1. Out of all the residues in segment B:265-289, which are buried (at least 21 other Cβ atoms within 10 Å of the Cβ) and within 20 Å of B:PRO217 (Cα to Cα)?
2. So which of A:SER31, A:SER7, A:SER46, A:SER24 ends up being free of Cβ contacts under 8 Å to residues at least 12 places away in the same chain and under 30 Å from B:ILE110 (Cβ atoms)?
3. Does at least one position in segment A:238-251 carry a residue that is under 21 Å from the mean Cα position of the chain (by Cα), at pLDDT 90 or above and closer than 21 Å to A:ARG78 by Cβ?
4. Filter segment A:178-221 down to the residues that are among the aromatic types (Phe, Trp, Tyr) and under 16 Å from the mean Cα position of the chain (by Cα) and list them by number.
5. Look at A:SER65 and say whether it is part of a helix (DSSP H, G or I), closer than 24 Å to A:ARG233 by Cα and not aliphatic (A, V, I, L, M).
6. Given the condition touching a Lys or Arg at 6+ places or on another chain (Cβ under 9 Å) and not hydroxyl-bearing (Ser, Thr, Tyr), answer yes or no: does some residue in segment B:224-240 qualify?
7. Kindly evaluate B:PHE117 against the criterion of being in contact (Cβ under 8 Å) with a residue 24 or more places away in the chain, part of a loop (DSSP other than H, G, I, E, B) and more than 17 Å from the chain's Cα centre (by Cα).
8. Which residues, counting only those in segment A:230-244, are within 16 Å of B:THR175 (Cβ to Cβ) and either acidic (Asp, Glu) or outside any helix (DSSP H, G or I) (or both)?
Amino acid sequence: MSQPAVSAIERDRQAYRRARARRSTGIAAISTIVFAGALFLVVTRSPGWPRVRQQFFNLEVARDSLPRILEGLWLNIRILVVAEVLILVVGLAVAITRTLRGPIFVPLRALAAGYTDLFRGIPLIILLYLIGFGVPGLRLQGVPTSAVVLGTTAMVLTYSAYVAEVFRAGIDSVHPSQRAAARSLGLTYRQSMRLVVLPQAVRRVAPPLLNDFVALQKDVGLISVLGAVDAVRAAQIESAETFNFTPYVVAGLLFVALAIPTARAADWTAARLERRERAAGVL
Amino acid sequence: MLSHRSRSLPVTLAVLVGAVLAAGCAAEDEGAPAAASSSGVACEKSTLQTVTQGKLTIATDEPVYEPWFVDNKPDNQKGFEGATAYAIATKMGFTPAEVTWVRVPFNAAIQPGPKKFDFDINEFSITDERKQAVDFSAPYYDVTQAVIALNSNDAAQATNLAGLKGVKLGAQVGTTSLQAIEDTIQPNQDPAVYNSNDDAKQALINGQIDALVLDLPTAFFVTAAEIDGSKIIGQLPASGNAQEQFGLVLDKGSPLTTCVSQAVEALRADGTLANIEQEWLANVAGAPVLQ
């Protein structure tokens, strides 16, 4: 880039700003190092540190517990994938139902509103018990008794209610003029929804949807109350055998590793969205 | 302006370091009392370093179950562990009025920080691995694991370990019952693992599991008093060569461990433990040992 001639005063200003920036960076680095060092010393010099290290950061226990925890994590991941697909479908269906217009759809809208009220309100763990132990208690033919199937059902019911509200917010955020324009072009209600409203709505709510996805990653483990052994339950089993908390730390780190790609995907989606909308503004 | 700022920077850092270090020094210094325990053979009540001087604080979980406690009230001195706890307290010189109960969940009992109890009595099985994290007293009960099923379930017909291989088994998390399934029965299907025996019993009644593994006294209580139409299939043989035993849990390096163990040993020697067992676990008779 070719710069226009810069006055001496402006060069001084730039030099001064650069110096200030360097100084800020230096202070930030020193303060971070000092703080981290002090924290490290406080923790490792504390009287209880040898026991905490033994009971929370025990490499031997970590190695021994890893295979079982990984086996549990594999169950988490499989449930996560199946549940997420179902949640997106059910959530979108409920959201579209709630945004239907016209008096004829009042019962459907009320049903959808009731659904979100009920399943957003009820604590997940209680829903898990009701479905996981209550439904098989009926002893009906053909009703599954598997903890994984019943647990996934409960997850889908709860999270669909959250996701439906996210979708609804997205649909409502599309300006009415978009809809009016679509209808004036001769599109039917259904077509304008599918071709104009939903593409914008979904793009706009992608970051909060990914946020719910991260929350789901950790919550799928709750199905362990029904008897299935997920990563956290596997850690609990290992922990009870040894009275050592290291397996929990191992499981925690694995969950963080699982969440990071999703978090980056969320950042990337948000950034892309912002770029697109800004581009439109410049034009 | 600039020079003023650069002078204040080291001051700021010094304050920061000082504050953090001060926080560190304020951390309480534990570990010192532990040194006294090895030499302290005398278990005079007045010299015992209990959580509250002159009182004995005993912990157990919430809720607790029969036949170990009765009505979820440890202080009624009923049930095998309720009675045993008070016998130990008496042996150590504490009157029943000087016994305080606290409810401590499993993880709080085994965490490395300071404990709010003198000992915890809640069917803890003694293992070498666990001894690295807590102190155990001398054992107060020899326990075996047992398998129960509904009479209507095919699993009830099993007469040996091989007959349980293809069965869907369940157990409570954190118990040696679960370890017994994995080590002794080694079933073809992964066992279901529940938060509590209450959840596991519901799954058994629902038919979500075919059989449930519990300690033998609990198995007797559940089949006799809680689940109609259920039976004990049999006891499991010990997985290793060691007899499984319950011990009291104390803080690692607790100054009380030696004295509590002495009290337990004395109760075993004078027949008190046997009497309590006779009173509360009388019906825990021989169930066939599955081979």
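1. Correct list: B:LEU273, B:ILE276, B:TRP280.
2. Among A:SER31, A:SER7, A:SER46, A:SER24, only A:SER46 is free of Cβ contacts under 8 Å to residues at least 12 places away in the same chain and under 30 Å from B:ILE110 (Cβ atoms).
3. Scanning segment A:238-251, I find at least one residue that is under 21 Å from the mean Cα position of the chain (by Cα), at pLDDT 90 or above and closer than 21 Å to A:ARG78 by Cβ, so the answer is yes.
4. Across segment A:178-221, the qualifying residue is only A:PHE213.
5. yes
6. Among the residues of segment B:224-240, at least one is touching a Lys or Arg at 6+ places or on another chain (Cβ under 9 Å) and not hydroxyl-bearing (Ser, Thr, Tyr), which makes the answer yes.
7. no
8. Within segment A:230-244, A:GLU238, A:GLU241, A:PHE243 meet the criteria.
The values are calculated or read from the model by the stated rules, or taken from the named source; none is laboratory data. A quick note: this is a predicted structure, and the numbers were derived from the prediction, not measured. When we count neighbours, we look across all protein chains shown, and the Cβ atoms used for this are built from the backbone with ideal geometry, even at glycine.
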